[in-house]
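Below is one structure, written out as structure tokens; comments come after it.
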Amino acid sequence: MSDLFGDQHNYRRHLAGAEPLPVRMRPKTLEDFVGQEHFIDPGKMLRRMIQADRLSSVIFYGPPGTGKTALAMIIANLTAADFYPVNAATVGVKEIREILRAARSQLTADGKRSVLFIDELHRFNRAQQDILLDDVENGIVILIGATTLNPFFTINSPLISRSAIFQFELLSPEHIIILIRRALADREFGLGQYQVRITDQALNHLARASDGDARRALAALEIGVLSQSPTPREPLVFDLDVAVESIQRKALDYDRDGDKHYDVISAFIKSMRGSDPDAAIYWLARMIDSGEDLRFIARRMVIFAAEDVGNADPQALLVATSAFHAADFVGFPEAQLPLAQAAIYLATAEKSNASAMAIWTAVADVKNNRTIPVPRHLRSSNYPGAKKLDHGQGYKYPHKYPDAKVDQEYLGVDKTYYRPTGRGHEALIKKFLQRHKEQNP
């Protein structure tokens, strides 16, 4: 069965001339692997498991071009187990069942285990993923699943519970520069047969504009070199203009139905809460450029104004609400203007969550504690028979008293929900309540 997929090293060697540079330059050993030091550095658990050939089922999760497939191919070269690589976008249930049957037969025949690598695992639906459960749990196959989407959104919970999850991070510009220089020096798989002189500006631009994606950086490098019709004898200059033209505009990693959607809006809210207008504007720009629903953004700003600014600046809720209606009225691209204005206002406003804490605490009391009856003097007296029940009797109308204040019970129990801060407008509210309490002990 393993012959069906072929030996990975031979496959790479025979097709090296046809494969794109990012594929040709995939690392072949752990020592060549760049990035993900948090779990692949010497002494780290995953590296020890790979070197000892004691790998258990794992899920590699992270952005494109960060080394998920490359690390799986390294494992293929190091493991004594049979290795079956497939892509969930092109393989069906029939092929997966065939692999699982072969793995069971191999294990029964000579005790040899099998590794099943499924790239883009998230493309399997729930039923397809369930096919793997028994054989993964029983150790018939070791699963390596690679996905760009958060597995907690896209992978069945039972499959997640049977696997260790390793999150791949975006590569740093320094990582990208290492890979570019390696590709330019490699004569067998890279571009070392050409005399390419890359400028520091071009190198740094590729490292930044690739946005942590090695595949994107190496593809741009190859485009820039081959588009100049290079020959082994003539030197070639890869300058900033070539780099800009080769990599063009980056596509933002943003899935409106996945975790990036929640991560970016979370960063936006937390930046405003932390009073950082520059960070708030950046995350707002990320959402706008990625096609986020303007109403979703504006709704969250309205909620933020009430929850995090509150009465420290009552104007904030008016600004956020106005921005919501203005943005909805004009639409994109102009909607970015009222959204930006409101985001900056909210980020730089005085903050207080005292109002939010008050309602959250009160709602918890209503749900969990004894219900407080409405005091008799506060009950409605605007219906026939109310007077017979003494409803409304003894109520004191505050406007008949000096400063519209009168000592009167409104709750029936001694309970404080609203505790204003001393920030912004709430400082005035705090003084008002203190004065009222002193006058009506």
Open item on the list: Any residue at all in the range 271-292 that's touching a residue at least 60 places away in the same chain (Cβ under 8 Å), surrounded by fewer than 16 Cβ atoms within 10 Å (Cβ to Cβ), of a type in the set (S, T, N, Q) and closer than 20 Å to E350 by Cα?
Closed with: yes
Open item on the list: Going by what's in this entry, would M73 be described as under 25 Å from I176 (Cα atoms) and surrounded by 15 or more Cβ atoms within 10 Å (Cβ to Cβ)?
Closed with: yes
Task: Close pairs from the range 119-144: first within 15 Å of I99 (Cα to Cα), partner of a type in the set (D, E) and buried (at least 20 other Cβ atoms within 10 Å of the Cβ), Cβ under 6 Å, at least 6 apart - done: V141/D135
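Take the residues in the range 208-238 that are surrounded by 16 or more Cβ atoms within 10 Å (Cβ to Cβ) and over 28 Å from L71 (Cα atoms); name whichever of them is modelled with the lowest pLDDT. Walk me through it before giving the result.
Within the range 208-238, the first condition is being surrounded by 16 or more Cβ atoms within 10 Å (Cβ to Cβ), and the residues that meet it are 209-225, 230, 236, 238.
Those left that are additionally over 28 Å from L71 (Cα atoms): 230, 236, 238.
Details: P230: 70, L236: 89, F238: 92.
Per the stated criteria, the residue is P230.
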Open item on the list: Let me spell it out: the conditions are (1) more than 26 Å from the chain's Cα centre (by Cα); (2) farther than 28 Å from I99 by Cα, and L55 meets all of them except one. Which number is the exception?
Closed with: (2)
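Given the options A52, A102, A76, A81, name the one that is closer than 20 Å to G139 by Cα and at pLDDT below 85.
Numbers: A52 fails: at pLDDT below 85; A102 fails: at pLDDT below 85; A76 fails: at pLDDT below 85.
Of the residues listed, the single one that is closer than 20 Å to G139 by Cα and at pLDDT below 85 is A81.
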TODO: Examine the range 47-69 for a residue that is assigned to a helix (DSSP H, G or I) and farther than 29 Å from D110 by Cα, and state whether such a residue exists.
DONE: yes
Task: Selection from the range 195-228 of residues that are closer than 17 Å to A18 by Cα and in a loop (DSSP other than H, G, I, E, B) - done: S227
Task: Candidate set from the range 328-372 (those that are assigned to a loop (DSSP other than H, G, I, E, B) and exposed (fewer than 15 other Cβ atoms within 10 Å of the Cβ)); member that is farthest from the chain's Cα centre (by Cα) - done: I372
TODO: Name, by its number, the condition in (1) crowded, with 19+ Cβ neighbours inside 10 Å; (2) in contact (Cβ under 8 Å) with a residue 40 or more places away in the chain that does not hold for E98.
DONE: (1)
Open item on the list: Restricting to the range 399-431, name every residue that is surrounded by 12 or more Cβ atoms within 10 Å (Cβ to Cβ), over 24 Å from W360 (Cβ atoms) and without any contact (Cβ under 8 Å) to a residue 12 or more places away in the chain.
Closed with: Y401, K431
- [ ] Can you give me the number of residues within the range 420-441 that are modelled with pLDDT under 90, in a loop (DSSP other than H, G, I, E, B) and within 20 Å of N353 (Cβ to Cβ)?
- [x] 1
Task: Members of the range 377-397 that are within 28 Å of F432 (Cβ to Cβ) and over 53 Å from the mean Cα position of the chain (by Cα) - done: H377, G392, G394, Y395, K396, Y397
- [ ] Return the only residue of T29, T90 being modelled with pLDDT under 90, assigned to a loop (DSSP other than H, G, I, E, B) and surrounded by fewer than 21 Cβ atoms within 10 Å (Cβ to Cβ).
- [x] T90
- [ ] Quickly run through the range 314-351 and pick out the residues that are farther than 20 Å from D278 by Cα and touching a His at 6+ places or on another chain (Cβ under 9 Å).
- [x] P314, Q315
TODO: Confirm whether F189 is surrounded by 19 or more Cβ atoms within 10 Å (Cβ to Cβ), under 20 Å from the mean Cα position of the chain (by Cα), at pLDDT 90 or above and not charged (D, E, K, R).
DONE: no
Task: Index of the failed condition, A356 passing every other in (1) in contact with an Asp or Glu (Cβ under 8 Å, 6 or more places away or on another chain); (2) on the phi > 0 side of the Ramachandran plot - done: (2)
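The values are calculated or read from the model by the stated rules, or taken from the named source; none is laboratory data. Model, not experiment: these values are computed from the prediction. Glycine gets a Cβ as well: all are built from the backbone with ideal geometry, and neighbour counts include every protein chain shown.
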